[in-house]
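To start, the structure itself, in structure tokens.
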Amino acid sequence: MSHVNHVVIPNFIDDTSTEKYFIPRYITITKGDSIEWTNLDMRSHTLVYYKSDAINEIFDESEPILPGKSITKEFDYDEKVITYKCKDHDETGTIVIYPGKLNNTEQLRFLQETFDIKVPDILKHLSHSDS
């Protein structure tokens, strides 16, 4: 059974801001989960989705999300990372899609591989502090 995650489109009162993000800006889900976007802004927003390896290539688009309304989309993609933004405005967000239910260690390993993150060996550092 899929899980529904929630993202808010806040009321963007300052149109001069260069950085506008959905809340949360980054969301992690499991393949097959859904995201519900709720628009608290006074303008409608249409989301466009980009694959991480083709950031300039739109592969999907939402219907307009009217003020005070919500839409829900299921993410059953094999992509690891999807970037999305409003088609008409500058708001952005990122979705990280886990391939399945993972424990914390598996999630960390997935993120390390996906984003090429080097995490220090914590046990090595802990053993030095004991001496």
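Here, each number is a calculation from the coordinates, and none is a lab measurement. Just so it is clear, the structure is predicted and the values come from calculations on it, not from any experiment.
Roughly what percent of Cα-Cα pairs across region 4-100 reach past 20 Å? Taking all Cα-Cα pairs of region 4-100, the fraction more than 20 Å apart is 30 percent.
Distant-in-sequence amide contacts of Ser52, defined by a placed amide H-H separation under 5 Å and a gap of 5 or more residues or a different chain, comprise Val81, Thr83. For Asp41, the residues 5 or more places off, or on other chains, whose built amide H falls under 5 Å of its own are Gly68.
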